[in-house]
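The values are calculated or read from the model by the stated rules, or taken from the named source; none is laboratory data. Since the structure is predicted, the reported quantities are computational estimates derived from the model, not experimental observations. With ideal geometry, Cβ positions are generated from the backbone for all residues, glycine too; neighbour counts draw on all protein chains shown.
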Amino acid sequence: MSSIRLGDYLVQRELISSQQLATALHQQTRTGERLGRLLLILGFIRRLDLAQALATLWGYPFATVDAKFVDPLVAQRFPLDATLHHRAVPVRDDGHTVTVVVADAPDQRLRETLEIVYPGRNVEFRVTTEWDLDRAIALAHRRKVVDTSIYGLYFRDQAESAFTVFTLPQYLTFAVACFALLGGFYFAPLDTLLVLNVPITAFFLLVVAFRTWVGVSGASAETAISLTPEELAAIDERELPVYSILVPIYREAAVIGTLLKSLRELDYPADKLDILLLFEEDDPETQAAAKAAAPGANVRFFVVPSGDPQTKPKACNVGLLFAQGEYLVIYDAEDQPEPDQLKKAYLAFQRGPENLVCVQAALNYYNWNENFLTRMFTLEYSFWFDYLLPGLDMLRLPIPLGGTSNHFKAQVLRDLGGWDPFNVTEDADLGIRAAMHGYRVGIINSTTFEEANKEVGNWIRQRSRWIKGYMQTALVFSRDPMDLMRRVGLRQTLGFALLIGGTPLIFLIQPVSIVLTVIWIVTRTGLLDPIFPPIVLYLSLFNLLIGNALAIYINMFAVFKRRLHVLVLFALLNPFYWILHSIAAYKALGQLFTRPYYWEKTTHGLTRHGASA
Amino acid sequence: MVSPVTAPRRRVVAPYWVRTLLASAAAAPLLVASLMLAQSGYLSDTHGAFLSRVLFALDRGQLELLGFEYPPLPFLMLLPWPTVTLAIIFGALAIFSLAWLVLNDCTMRRSILPFVLLLGALWSPIGLHLVASDFNEAVGLFALYGGWRHYRRWWETRKTIHGLYTGLWLGVAFYTSPLGLGLALIAGAVLPLLFPRLQIPPFASQLVLLVFPGIAATATWAYLSWVFTQRVAFPFAAWEPHSPGFVQIVSWTVPYLLVAFFSLLRPKATTAGVLLPFVLLLGANRVGWHFSLAFAVVLLTLVAIIAIPPDLDRSQRALLGGAAVAQALVAWVLVPWPHTTTEDIVSRTVATALAPAPARSILLDDRYATRLLKWAPSLAPYLTTRDTGFEVALAEPRAVVDYVVVTPDGDGLSLDADVRPPAGFQVDWNWGGYILYRRPGAPRLPVRFDRLLVDQPVQP
């Protein structure tokens, strides 16, 4: 290994100027990052030149990785975990010597591990770029990567995977309930309707009370002091860990440029960002668009190996395998996170309890004022992320994570089994699973702005996926309710049931209630009297009048808090918006039986409003 | 929020036990006096009306039989245990809670003056009305003051949670008095005074947030009345038969007038907030939103408490405190105490006599029997205008009921029953303005004339 320092060597080779070296060294005093990475991030050197220079300084040959260079059988003898941990891929083995490619200087522990796996062999190291090393891993372990990303959770604990949609007891319960209902309708239709109506009405009431309680608790959460700009400014950037950003992208060529721009604007040392763009194999257009957007040196491209189900959580699991950060966050392609978000998440983790595994940032929409649908969607998100989730946090109830902007401790996430690729709301599922395992999810006062769906069809597709995912999550965690209660307690179990189970149920029941109400208003028929005895009638009216008024009122405050004053009156139109939810819920219910893992893709890039709107 | 949380700013408050003790001291005399009055046979018309409607709804098992009379909250509160004792307890609890909040203000301002002003209004025959005669108004005052406190914190901290609580409290207040909506409108109207640079969208949205609960409550009540009665009830008929006039209010709100005067000497935009509730009371009176003198006095006293200028000198403070004490003393002398009337004793005696009758066996036009019904321990014996079968019974009483009662309040039955017995009935007794007709063969329902504390039975 040469004694000359990297910076001096690069200047000597005229690969960088002295001025550039000085700039990078200055940056290094601020963030403490390695010089080579800093030079890359600052754009002062090409990745290839840097790798070749490092190879020279370390005294190893340089290698370019391609499919022919990697012998998968040799590589696969070195376990994937070890490969990822040491960032080293054995590519050839001639019986005497094993050739191993690395991107960092090999240390003693790597040598010892190789000695165990390839006993008696000489080891020859070759240096390559970070990108080529990732490519080598992907080539060598393609099958393993696919299996881990799809079945990792299932093999770890089948009971927590949505791979099995209904367990046998659930099927039997469902079948018995159906037969009982059919029999009831045949023999005593009115009594059956009454028997159905009583628990439904009581459940509605419980959900109304629960959401009001949580919403008001969430509203009062703002009286707690959140992270301030002063606290963020006081962070010593040298202490900041590497932060991985996973961006699963599929057919998002239209918005990828904007995403990269927002990621560049994050207030976090660029050299400590590890951005992984996760493409699908059948989507070369988005890859091309990403390359055209000239991503920084801290951006890595990954092509997720094809294999069913082709879902976002599967892509995220691939990203999780390769992520190098201590912390990790998911962003969608159309996301515009507030610049301070990563630092806030970091501080929250620093100050939070040991079992804090994830913090969720708020989501909201930059095209909130585009049309009726985007306004209503914004009302809903303002309530959900500004009131409901903080309320759940305050009350220590399980928090279903939002689709993006959830920040994790990467290793704990791996221990939890990552995302469930068979669950189409893998985020909500993960939040509940974390609670099941004794972890906490928290909330931070930072927002990621997204693009609200502006088209009804697109909205229903997206929403049907979300509701289907809630159904899957409810089914997964209700497989053994006693176990759930034993692990998380009665309060959390009830919270889970009312939120995750209750949300789809309410939307499924709602149209029936509306139809009955309209029939009664128009005809004033007495036919419905037997199924609405006085106490049921009063509770139904309470749900209809007080429940809806409370929901609307709290929603008004949620947008008021966001200073979206124009939307306050739009909250009155929520009942019409909820009808759309019901349509989506029935679509979701159908798909739960026919295509449970199918990922209803949401089209982005339809808005005419920019992120700054 | 997760950890990133530092402790919120601590507010100075008196120790829990001190507040409990003082708030109890404020409410206890009213509670004791009211219970003693009830023991002596006093039941206000308002409490009697609440109780009779609740008893009726409970007996028939249909809440809608409360009749969609406004305000609904007192009826709902009395449902679990419809007795005058519970009404009094609720009134005392509301006064206790109100005093608690005022004591909170006292500790924040480090002054006992607000509490003295409150006691000056409460500890008199005027204040006694809120517990002994109309607990609903006490609950309303508590809700209004609770709403105000959050409104002030909303204004001071800009935290939306206080806006939410303001609206909810005003919504509760609206279920006790339509003035809740009026005060919400005032709270909204003065927003530009509190936020001088407030633009139209935020002003409009805050106004909506303040009045929405009241409007939603109105709409709810209207819809419910339509569902159950097929006509929309306008919820502005108050239980108080009439409101005090301008002079009467002014005479019994001297501390308020003094505070208003002191405020006018230090004119600020918010001074309007001191005067508007008074205007609201006068306006409400005109549109028929009736309220008692006690309600007006305590409401304006609360406004005075809120608006006491912080820079009053010692003599001005002494003047205010002295005025409150003097007002209470004068009220003790000049304002008549609640008492039991002869009509009440007669009605109670009759109601007791009729109580053993079988269910729906007494035909009664409840629209003209307020005084009788307020004393009825149960509404089970009566077949009233709100019962199915009333019209049939009216056409052919002997086929449906055993008794027919005519009250001193009016005939109402369209049977000429005040003139002659309905066909098939005979006079069982005729006393104190009440006539009981009995179908021959039906058991007698003798009235205990000795219950009347006069020498001779009242003869018609």
Problem - Residues (at positive phi and either out of contact with any Leu (no Cβ under 7 Å at 6 or more places or on another chain) or surrounded by fewer than 24 Cβ atoms within 10 Å (Cβ to Cβ) (or both)) located in segment A:357-412 - result: A:Arg396
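Of all the helices (runs of 4 or more DSSP H) wholly in segment B:115-228, which have at least 3 residues that are modelled with pLDDT of 80 or more, within 17 Å of the chain's Cα centre (by Cα) and within 13 Å of another protein chain (Cβ to nearest Cβ)? Break it down into steps so the answer makes sense when it comes.
Details: elements: B:125-132, B:135-157, B:160-174, B:179-189, B:191-194.
Fully inside segment B:115-228 and qualifying: B:160-174.
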Fill in the blank from the handout: Filter segment A:55-90 for residues that are in contact with a Lys or Arg (Cβ under 8 Å, 6 or more places away or on another chain) and in a strand (DSSP E or B); the one that is surrounded by the fewest Cβ atoms within 10 Å (Cβ to Cβ) is A:Phe62
Fill in the blank from the handout: The condition from (1) without any contact (Cβ under 8 Å) to a residue 60 or more places away in the chain; (2) under 23 Å from the mean Cα position of the chain (by Cα) that A:Ala254 misses is numbered (1)
Problem - Odd one out for A:Arg486, checked against (1) over 30 Å from A:Pro189 (Cβ atoms); (2) of a type in the set (D, E, K, R); (3) within 14 Å of chain B (Cβ to nearest Cβ) - result: (3)
Handout entry: So A:Gly469, is it touching a residue at least 12 places away in the same chain (Cβ under 8 Å), within 14 Å of chain B (Cβ to nearest Cβ) and either closer than 21 Å to A:Asp335 by Cβ or not polar (S, T, N, Q) (or both)
Key = no
Exercise for the section: Looking only at segment A:322-355, count how many residues are within 14 Å of another protein chain (Cβ to nearest Cβ), part of a loop (DSSP other than H, G, I, E, B) and in contact (Cβ under 8 Å) with a residue 12 or more places away in the chain. Expected result: 4
Completion exercise
Of (1) in a helix (DSSP H, G or I); (2) farther than 22 Å from A:Val441 by Cβ; (3) in contact with a strand residue (DSSP E or B) (Cβ under 7 Å, 6 or more places away or on another chain), A:Lys261 fails just (3)
Practice task
Kindly indicate the residue of segment A:546-573 that is closer than 11 Å to A:Arg375 by Cβ and either touching a residue at least 40 places away in the same chain (Cβ under 8 Å) or not aliphatic (A, V, I, L, M) (or both) and also nearest to the other protein chains (Cβ to nearest Cβ) among those meeting that condition.
Solution key: A:Val566
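Within the group A:Thr128, A:Thr97, A:Thr167, which residue is closer than 30 Å to A:Met436 by Cα and either in contact with a helix residue (DSSP H, G or I) (Cβ under 8 Å, 6 or more places away or on another chain) or in contact (Cβ under 8 Å) with a residue 24 or more places away in the chain (or both)? Lay out the reasoning, then the answer.
Working: A:Thr128 fails: closer than 30 Å to A:Met436 by Cα; A:Thr97 fails: closer than 30 Å to A:Met436 by Cα.
Only one candidate passes the filter, namely A:Thr167.
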Fill in the blank from the handout: B:Phe295 meets each of (1) in contact with an Asp or Glu (Cβ under 9 Å, 6 or more places away or on another chain); (2) modelled with pLDDT of 90 or more; (3) surrounded by fewer than 21 Cβ atoms within 10 Å (Cβ to Cβ) with one exception, condition (3)
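Could you tell me whether any residue of segment A:529-542 is more than 14 Å from chain B (Cβ to nearest Cβ) and either charged (D, E, K, R) or part of a helix (DSSP H, G or I) (or both)? Explain how you work it out, then say what you get.
Initial filter on segment A:529-542 (more than 14 Å from chain B (Cβ to nearest Cβ)): A:530-531.
Restricting the remaining residues to those that are either charged (D, E, K, R) or part of a helix (DSSP H, G or I) (or both) gives A:530-531.
Scanning segment A:529-542 turns up at least one residue that is more than 14 Å from chain B (Cβ to nearest Cβ) and either charged (D, E, K, R) or part of a helix (DSSP H, G or I) (or both).
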Practice task
Could you list all residues from segment A:563-600 that are under 23 Å from A:Asn423 (Cβ atoms) and either out of contact with any helix residue (DSSP H, G or I) (no Cβ under 9 Å at 6 or more places or on another chain) or in a loop (DSSP other than H, G, I, E, B) (or both)?
Solution key: A:Phe593, A:Thr594, A:Arg595, A:Pro596, A:Tyr597, A:Tyr598, A:Trp599, A:Glu600
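Which residue out of B:Asp105, B:Asp45 is surrounded by fewer than 18 Cβ atoms within 10 Å (Cβ to Cβ) and either modelled with pLDDT of 90 or more or more than 14 Å from chain A (Cβ to nearest Cβ) (or both)?
Working: B:Asp105 fails: surrounded by fewer than 18 Cβ atoms within 10 Å (Cβ to Cβ).
So the residue among B:Asp105, B:Asp45 that is surrounded by fewer than 18 Cβ atoms within 10 Å (Cβ to Cβ) and either modelled with pLDDT of 90 or more or more than 14 Å from chain A (Cβ to nearest Cβ) (or both) is B:Asp45.
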Completion exercise
Across segment B:73-88, the tally of residues that are in contact (Cβ under 8 Å) with a residue 40 or more places away in the chain and surrounded by 19 or more Cβ atoms within 10 Å (Cβ to Cβ) stands at 6
